[in-house]
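What follows is calculated from the coordinates using simple rules that are stated; it is not laboratory data. In this text the structure is predicted, and so the values were computed from the model without any measurement. All Cβ positions, glycine included, derive from the backbone under ideal geometry; neighbour counts span all protein chains shown.
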Amino acid sequence: MDPVTAIFILLLFFGLMRRRREKKTLVEQTIMPTGVFPYQKRTTLLTANEYALYQLLRLVLGEKFQIQLKVAMAQVLMVNKNISASARPAYLKKINVKSADFVLCDPADLRIVAVIVLAGQQTFVDDACKAAALPLFHLKPNYKYNHEEIRSILQPII
């Protein structure tokens, strides 16, 4: 390639990159003006059904467990140290986007004992908890559980 063509291609490339950057900045300013964040406070941490279940869990479990709410799976699980540095980000990304509705911890030291999720089958969370030897319980989000049903479901850890 002759030098004139190479210079022309470089100028064209840098011109397109500059234009793209200016366009991106304009879009960012349209969506979110400088200094303004598009967030607002939620009214409650839990829905009415989740709160009713939380109260029932507190009643059934008493002082045996401390119940943590809406915990990111990255706070519950960690990637094994033997995983290569190049593979680690992909595994971290998977647990960063998932969360547990309730995490049951030992009140003496907050050691993680079990996880409760409100949903149907969550294959990734199931497999990850199984690999970590962490008990996982699925509860239906809109089902009205009673005291005995919760006690029966959680019996393996009570």
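Applying the Karplus relation 6.51 cos²θ - 1.76 cosθ + 1.60 with θ = phi - 60° to region 51-65 yields 3J(HN,Hα) values of 5, 4, 5, 4, 5, 5, 4, 4, 5, 5, 7, x, 8, 5, 10 Hz, where x marks Gly and Pro. Close amide H contacts of residue 145 (hydrogens built in the peptide plane, cut-off under 5 Å, sequence separation of 5 or more or a different chain): none are found. Exposure proxy shown here: for 86, 99, 152, the number of other Cβ atoms within 10 Å sets the order, fewest to most, as 86, 152, 99. Is the shape of region 43-114 rounded, prolate or oblate, going by the alpha carbon gyration tensor and its root eigenvalues a ≥ b ≥ c, with a/c under 1.5 for rounded and a/b larger than b/c for prolate? It comes out oblate by the Cα gyration axes. With the simple spin-label model, which puts each label point 7 Å out from Cα in the Cβ direction, the residue 5 to residue 69 separation comes to 6.7 nm. Sequence-distant contacts, meaning Cα pairs under 8 Å at least 6 residues apart, place the relative contact order of region 84-127 at 28 percent. Computed from backbone phi with θ = phi - 60° and the Karplus coefficients 6.51, -1.76 and 1.60, the 3J(HN,Hα) list for region 131-139 is 4, 8, 6, 10, x, 10, 10, 9, 10 Hz; x is used for glycine and proline.
In terms of surrounding Cβ atoms within a 10 Å radius of their Cβ, 147, 138 rank from fewest to most as 147, 138.
With 25 Å as the limit, the listed pairs 41/70; 64/144; 41/64 have 41/64 beyond it between alpha carbons.
Classified by the C-alpha gyration tensor, region 31-158 has an oblate form. Its axis ratio a/c, with a ≥ b ≥ c, is 1.5 or above, and a/b does not exceed b/c.
What the phi angles of region 106-113 give under the Karplus curve with 6.51, -1.76 and 1.60, with θ = phi - 60°, is a coupling list of 5, x, 5, 9, 6, 5, 6, 10 Hz, glycine and proline written as x.
Sparse packing (at most 11 other Cβ atoms within 10 Å of the Cβ) combined with a DSSP loop state is found for the following chymotrypsin sites (Phe, Trp or Tyr not before Pro) in region 61-158: 143.
If r is the Cβ-Cβ distance from residue 96 to residue 144 and R0 is 25 Å, what FRET efficiency results, to the nearest 0.05? So, using R0 = 25 Å, E works out to roughly 0.15. Considering only 80, 137, 54, and ranking their Cα positions along the charge dipole of region 48-153 that arises from unit charges at the beta-carbon of Lys, Arg, Asp and Glu, the one farthest toward the positive end is 80.
Amide H to amide H, with H built 1.01 Å from N, residue 113 comes under 5 Å of 104, 105, 106, counting only residues 5 or more places away or on other chains. Residues 64, 98, ranked from the fewest to the most other C-beta atoms within 10 Å, line up as 64, 98.
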